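Here's the structure, in structure tokens; my notes come after.
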Amino acid sequence: MVGLKPTDIPPTATVKFLGAGMAACIADLCTFPLDTAKVRLQIQGESKPTKSVKTIHYKGVFGTITTMVKTEGPTSLYNGLVAGLQRQMSFASIRIGLYDSVKQFYTSTGSENAGVLTRLLAGCTTGAMAVTCAQPTDVVKVRFQAHVRLTDGTKKYNGTVDAYKTIAKEEGVRGLWKGTLPNITRNAIVNCGEMVTYDLLKEMLLKYHLMTDTFPCHFVAAFVAGFCATVVASPVDVVKTRYMNSTRGQYKNALNCMLTMVILEGPTAFYKGFMPSFLRLGSWNVVMFVTYEQLKRAMMLAHET
């Protein structure tokens, strides 16, 4: 047996809500450099170089990380971490913590198990709800991660709070909700890829006695969920990142951003940064789900005692 055993009493909605946010923050702390590398690779080639900023070409996941450390310092890998943690506490708590509750809400009375369509609907619902609440934190996180600052350069934002104020002042309050539609689309897809795949695979592994409800089962289900989510969500994720990071007037809307990418860079642009996306999402899912399962059990044990 690896980790805590399942408790006799199932975790409450509050335990799931808090546990999901805490587990997501821990996962972000472990995988944030990969997320930053993904963002840099996704926006590469979207704009012409300027005289004030030297053009830097990133090659691969670890090449991007190495280049950032050399040109901007190690701390650049954690640009936007504060906004990222703020995002996870509001975002993951809703999309992951409320998934089971919403799934039960959509499940017809008398049914023992929810069907695939019900799970997909629950995943889409919590994903959309989470984005609506947490969008400003996502915008600020992406801006910090995308901003290239050489060792002798100046910072665009003086901290997370200043970033919220600056974006609202320069672009209006709507600027903080920039890219909401593609982000809702992206996270509805990701949530279905992650939660539904994890839910179904874990259920199957336990049902057919292939594994017990322990760490190995959680690891396998989370890894597969991360891969599925990356494959289906990568195109929308690239458009979301490009649009959020764009200057005012650069793109008319998210659709225009997508068409511009296709015309100027070809369809392969939708899978820019795929490897760091998978490395990040795969590892993030493993850390998050394994931690989430243990936190739920730990909190229920503490509640019982």
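Can you pull a Stokes-Einstein diffusion coefficient for the range 66-112 at 37 °C (0.692 mPa s), Rh from Kirkwood over Cα pairs, as a whole number of µm²/s? Present the calculation step by step, with values, prior to reporting the outcome.
Values: Rh = 13.8 Å.
Once the numbers are plugged in, D ends up at 238 µm²/s.
Over all directions, what mean area does the Cα convex hull of the range 163-264 project, stated in square nanometres?
8.4
For the range 123-259, what is the accessible area per residue in Å² when the probe is 1.4 Å? All intermediate terms of the calculation are to be shown ahead of the outcome.
On the way: 6210 Å² over 137 residues.
Dividing the accessible area of the range 123-259 by its residue count gives 45 Å².
Volume per residue, Å³, of the convex hull around the alpha-carbon atoms of the range 240-284?
78
For the chain, just list the percent of Cα-Cα distances falling in each 20 Å bin from zero outward, please.
Spelled out bin by bin, the chain gives 33, 55, 12, 0 percent.
Calculate the dipole size of the range 124-235 relative to its Cα centre from +1 charges on Lys and Arg beta carbons and -1 charges on Asp and Glu beta carbons; express the result in debye to the nearest 20.
My answer is approximately 440 debye.
Round to the nearest 10 and give me the degree value, 0 to 90, for the angle of helix 215-245's Cα axis relative to the longest principal axis of the chain.
Around 30 degrees separate the two axes.
Quick one: accessible surface of His57, probe radius 1.4 Å, all protein chains present, in square angstrom to the nearest 10.
Rounded to the nearest 10, the figure is 130 Å².
Using 0.36 nm per residue, how much length does the chain from Leu264 to Thr109 gain when fully extended, once their Cα-Cα distance is taken away?
Result: 50.6 nm gained on full extension.
Using only helices, what value at 222 nm comes out for the chain when you add -39,500 (n - 2.57) per DSSP H run of length 4 or more and divide by the total residues, to the nearest 500 deg cm²/dmol?
-23000 deg cm²/dmol
The values are calculated or read from the model by the stated rules, or taken from the named source; none is laboratory data. Owing to the predicted nature of the structure, the values given are computational and were not obtained by experimental measurement. No Cβ is skipped: glycine too gets one built from the backbone with ideal geometry, and neighbour counts run over all protein chains shown. The protein model used for the area step is the full one, side chains on, heavy atoms only, and it has no ligands, DNA or RNA in it. Shrake-Rupley method; radii C 1.70, N 1.55, O 1.52, S 1.80 Å.
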